[in-house]
Amino acid sequence: MENLYDYKKFAILYVDDEEKSLKYFTRAFENQFRILTAANAQDGLKLFEQHADEIGLLLTDQRMPGEKGVWLLGRARQLRPQVLRMLVTAYADMDAAIAAVNSGAIYKYVTKPWDPPQFELTLRQGLEFFMVQTERDQLLREKMSVLRNMMIADRIVSLGLLAAGLSHHIRNSLVAVKTFLDLAPGKMAEEKTDLNSLRNPDFWKEYHQNVQSQIEKINSLLKDLWTASENNASTQFADEVLLHQTVSAALARFKDQFAARRIEIENKIPDSLPALQVDQPKFCRLFELLLKDELAMLPAGSRVTFSAELQNAGAKPEIVVQISDNGPGLPQEALRVIFDPFVVRGSVPSEYGINLMACFFIVHHHGGKIEAQSQPGHGTTFTLRLPLKPEPAAPPQGEAEFLQKALLNESLWEKLLASG
């Protein structure tokens, strides 16, 4: 029968103060498993922390100089509770083994001296249990991630369509108003009437300008949502940009507005960061919207700082960007809904979170995440995680395929529990 498991995918860490025991264990099982060893609990913990993502099974002797085995098992449980833990004991340590079992600190205990064939079977079963548990958790995480992305994508499309429709209807509905406002100042000037303030041409001129300004502001907000929701597969991530240059260009566009408010802007983003693959119009608009939000929310004399660093330089590198200000900050109830466009933020009722919702859409479109942290009186920090090379969204896994995997996993899970 074909073996379903790769027993060297995850390592076994064995901790024992007896050098002969470590050598014997390694010699007996190194062909079947990946083996790591340590001679005391402290060294075992260091090794466990260094290789936490690689270890599936931890075995330790109980009686050792310094910290005992149950201490190591307890610390390992706190760090990586999913790793299976076994206590290797002599009969004289049976009380410690029973206490460890009762406290939930171990999966099994093995008595010394151990029988190699039986011990090998125990190790195989332990790794199988760990791998099935890991696969099960990963399967559920993937499913939840797909469902979350589907919900966000559906919301993006819906709000994009809503924004486009609202923009169209607002323009159509205000044609008559705009026509009247265009004619009113000239009409009043021709009649040279001054019956009251409502017939003052200057009044109508100023009123006309205010209404036009509000109309353009509303349509600009709606356009940002519409643009952020568009998804053109043919041009997806076709541009390469340097983050420092992109942020500098956005800052230059708002330089005068920030200067008028005496708000200091500092760009600490290194120009040595690697290029990002993006949809350039969307990506550049992201930082313009973030700056517009800072302008709307910060009092005069504030400070905003941009910083960034490269993380996960291996398989999936990403740039983590932080935009921090020293403004008044936000209470926790406001922070929870900071990307909702229909929640009032700040002291001005007309300021809503549409800019930040568009930012959320753009970051999500690029395969990233945006979060906000804030405390009243301590400013607000936006953290953006942007992959260097975004991956196109994977098609949702079919329900039949998911259920097939889940049921197979559940069957293996039940067999392993029964065999224990």
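The values are calculated or read from the model by the stated rules, or taken from the named source; none is laboratory data. Given the structure is predicted, the values throughout are model-derived calculations rather than measurements. We place every Cβ from the backbone using ideal geometry, glycine too, and count neighbours over all the protein chains shown.
When the test is whether a residue is at pLDDT below 85 and either in contact with an Asp or Glu (Cβ under 7 Å, 6 or more places away or on another chain) or assigned by TED's automatic domain parsing to the domain that holds Lys23 (or both), Gln133 passes it.
Select from the range 335-354 the residues that are in a helix (DSSP H, G or I) and either at pLDDT 75 or above or acidic (Asp, Glu) (or both) and list them in ascending order. Reasoning before the result, please.
First, pick out the residues of the range 335-354 that are in a helix (DSSP H, G or I): 335, 354.
Selection gives Leu335 alone.
The one condition from (1) touching a helix residue (DSSP H, G or I) at 6+ places or on another chain (Cβ under 6 Å); (2) of a type outside the set (A, V, I, L, M); (3) part of a loop (DSSP other than H, G, I, E, B); (4) in the same structural domain as Thr111 (by TED's automatic domain parsing) that Asp17 does not meet is (1). Test Arg262 against the criterion of being loosely packed, with under 14 Cβ neighbours inside 10 Å and within 30 Å of Ala334 (Cα to Cα), and give yes or no. In short, yes. If the condition is being farther than 20 Å from Gln133 by Cβ and not in a loop (DSSP other than H, G, I, E, B), then the range 20-35 contributes Lys20, Ser21, Leu22, Lys23, Tyr24, Phe25, Thr26, Arg27, Ala28, Phe29, Ile35.
There is no residue in the range 101-110 that is in a strand (DSSP E or B) and modelled with pLDDT of 85 or more.
With respect to Lys292, is the statement that it is in the same structural domain as Asn326 (by TED's automatic domain parsing), in contact with a Phe, Trp or Tyr (Cβ under 8 Å, 6 or more places away or on another chain), modelled with pLDDT of 95 or more and under 23 Å from Asn326 (Cα atoms) true?
No.
Exactly one residue out of Thr60, Thr26, Thr37 is without any contact (Cβ under 8 Å) to a residue 24 or more places away in the chain and either surrounded by 14 or more Cβ atoms within 10 Å (Cβ to Cβ) or touching a Phe, Trp or Tyr at 6+ places or on another chain (Cβ under 7 Å) (or both), and it is Thr26.
So, Ser272, is that one touching a strand residue (DSSP E or B) at 6+ places or on another chain (Cβ under 7 Å) and of a type outside the set (Phe, Trp, Tyr) or not?
Details: touching a strand residue (DSSP E or B) at 6+ places or on another chain (Cβ under 7 Å): no; of a type outside the set (Phe, Trp, Tyr): yes.
In short, no.
Scanning the range 71-81 for residues that are closer than 18 Å to Gly126 by Cβ and out of contact with any Phe, Trp or Tyr (no Cβ under 9 Å at 6 or more places or on another chain) gives Leu73, Arg77, Pro81.
Go through the range 46-76 and count every residue that is closer than 24 Å to Tyr7 by Cβ and assigned to a helix (DSSP H, G or I).
Applying the first criterion (closer than 24 Å to Tyr7 by Cβ) to the range 46-76 yields 47-61, 69, 72-73, 76.
From what's left, assigned to a helix (DSSP H, G or I): 47-50, 69, 72-73, 76.
Selection size over the range 46-76: 8.
Flag: Tyr7 matches the condition of being under 14 Å from Gly126 (Cβ atoms) and at pLDDT below 90.
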